[in-house]
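The values are calculated or read from the model by the stated rules, or taken from the named source; none is laboratory data. All values derive from a computational prediction rather than experimental measurement. Here the Cβ is made from the backbone with ideal geometry for all residues, glycine too, and neighbour counts use every protein chain on show. The accessibility values were calculated without ligands, DNA or RNA, using every heavy atom of the protein model including side chains. Shrake-Rupley method; radii C 1.70, N 1.55, O 1.52, S 1.80 Å.
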Amino acid sequence: GTTRPVLAANVYFWLGDYYQGQGKFNEAETHYLKIPELYPETKDAPVALYAAARVAYERAMADNQNPVDLARAAALLLQLDDRYAKAADRLKAQALFLSGDILSLKGDFKAAALQFEAASRLVPRTSLHYAALGRKAECHALLATKGGEDRAKQYDQALALLQQIIDADGAGETLAALKTKASYRKARILEGNGERAKAITEYDVIFHSFRA
């Protein structure tokens, strides 16, 4: 029946989570990948494939951004996109977000910005949406530091995206933290661009928000 595959997938997922929590990334990846391998039709299969990619990314970060593990994470994300095109929008957004992080580590900020933009569109008005906008803003800010003819455009795009986060409606600690971080990044960008008066205004807003 259908119960056995579901239960078996749950066990593999639990073991993957356990090994990940222990920092045993190879064992975690192995157990996560058993689910799409043995039980590809279960609802856990695409989630497990993303979890395996996430583990490969964490392994890379624990090893000085190991390029082999980053490539492994990227390859698993491609598998997820190829095999589970009808996965939930939130899972797709998480995968795009992770892909953007990988591209950012490689210094490909233009491609990363596109991934973050796509992620944000899949989950409008959520914390993940605003987190993706923040990452996209960071990409534009970094592109602006490289100079070139489009420096001003990149600079303006970064500030506009951060302002979207700052102006976001909603409550909750996660969104509040994202808004504070966006305000700080906006102030830092303004300061770095020589706009000290505007930067001071932003810092003052942050200061008073903490005292409120």
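Testing A51 on (1) touching a residue at least 12 places away in the same chain (Cβ under 8 Å); (2) over 23 Å from the mean Cα position of the chain (by Cα); (3) outside any loop (DSSP other than H, G, I, E, B), one condition comes back false. Which one is that?
(2)
Only one of R125, R151, R135 is at positive phi and either at pLDDT 95 or above or among the basic types (K, R) (or both). Can you tell me which?
Numbers: R151 fails: at positive phi; R135 fails: at positive phi.
Result: R125 is the single residue among R125, R151, R135 that is at positive phi and either at pLDDT 95 or above or among the basic types (K, R) (or both).
Name every residue in region 119-169 that is open to solvent by 10 Å² or more (accessible area, probe 1.4 Å) and of a type in the set (S, T, Y), in order of residue number.
Matches in region 119-169: T126, S127, Y130, T145, Y155.
Determine, yes or no, whether K43 is closer than 24 Å to T126 by Cβ, open to solvent by 70 Å² or more (accessible area, probe 1.4 Å) and free of Cβ contacts under 8 Å to residues at least 40 places away in the same chain. Outline the logic, then answer.
Numbers: closer than 24 Å to T126 by Cβ: yes; open to solvent by 70 Å² or more (accessible area, probe 1.4 Å): yes; free of Cβ contacts under 8 Å to residues at least 40 places away in the same chain: yes.
It is true that K43 is closer than 24 Å to T126 by Cβ, open to solvent by 70 Å² or more (accessible area, probe 1.4 Å) and free of Cβ contacts under 8 Å to residues at least 40 places away in the same chain.
May I ask you to list the residues in region 56-75 that are in a loop (DSSP other than H, G, I, E, B) and touching a residue at least 40 places away in the same chain (Cβ under 8 Å)?
Step one: of region 56-75, the residues in a loop (DSSP other than H, G, I, E, B) are 63-66.
Selection gives Q65 alone.
Would you call K110 in a helix (DSSP H, G or I), open to solvent by 60 Å² or more (accessible area, probe 1.4 Å), among the basic types (K, R) and out of contact with any Gly (no Cβ under 8 Å at 6 or more places or on another chain)? Write out each step before concluding.
Working: in a helix (DSSP H, G or I): yes; open to solvent by 60 Å² or more (accessible area, probe 1.4 Å): yes; among the basic types (K, R): yes; out of contact with any Gly (no Cβ under 8 Å at 6 or more places or on another chain): yes.
Yes, satisfied.
Among the residues of region 12-27, are any open to solvent by less than 30 Å² (accessible area, probe 1.4 Å) and either hydrophobic (A, V, I, L, M, F, W, C) or not in a helix (DSSP H, G or I) (or both)?
Within region 12-27, the first condition is being open to solvent by less than 30 Å² (accessible area, probe 1.4 Å), and the residues that meet it are 16.
Narrowing further to those that are either hydrophobic (A, V, I, L, M, F, W, C) or not in a helix (DSSP H, G or I) (or both): none.
No, because not a single residue in region 12-27 is open to solvent by less than 30 Å² (accessible area, probe 1.4 Å) and either hydrophobic (A, V, I, L, M, F, W, C) or not in a helix (DSSP H, G or I) (or both).
Could you grab me the full set of residues in region 28-39 that are touching a helix residue (DSSP H, G or I) at 6+ places or on another chain (Cβ under 6 Å) and not in a loop (DSSP other than H, G, I, E, B)? Spell out how you get there, then give the answer.
Here is the first cut: in region 28-39, the ones touching a helix residue (DSSP H, G or I) at 6+ places or on another chain (Cβ under 6 Å) are 28-29, 31-36, 39.
Of everything in region 28-39, those that are touching a helix residue (DSSP H, G or I) at 6+ places or on another chain (Cβ under 6 Å) and not in a loop (DSSP other than H, G, I, E, B) turn out to be A28, E29, H31, Y32, L33, K34, I35, P36.
Within region 170-212, track down each residue that is open to solvent by 30 Å² or more (accessible area, probe 1.4 Å) and among the hydroxyl-bearing types (S, T, Y).
T174, T180, Y184, T201, Y203, S209
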